[in-house]
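Derivation of every value follows stated rules applied to the coordinates shown; laboratory data play no part. Just so we're clear, the structure is a prediction, and the values are computed from it rather than from any experiment.
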Amino acid sequence: MNATSLSTLFLAATLTMLSACSGAARDTLLGAGAGAGAGAAIGHAAGGHAGTGAAIGSAVGAAAGYGIHESKKGDE
């Protein structure tokens with residue numbers, strides 16, 4: 001495992017641990033952490049681009065987490 005993959009996994013773990021906040025921030029950070037981890041794994045498998053995959057996955061995950069939060073807020 002190279003340094004980029006290791007730092008990406010560390011970033012994903014950190015974002016997931018920081019998701020103990022409440023509300024939209026929690027859902028957004030949780031989505032970003034999950035997306036970064038998944039993106040790093042996919043990027044690494046697709047040719048060693050773990051950093052790029054993590055960045056894209058983090059952005060998509062954060063948007064999805066915020067969207068899910070907003071849809072849950074309407075149900076309450």
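A few comments on the model shown:
- Volume per residue of the convex hull around the Cα atoms, evaluated for region 37-76, comes out as 45 Å³.
- Between residue 46 and residue 63, the contour length at 0.36 nm per residue exceeds the alpha carbon distance by 3.8 nm.
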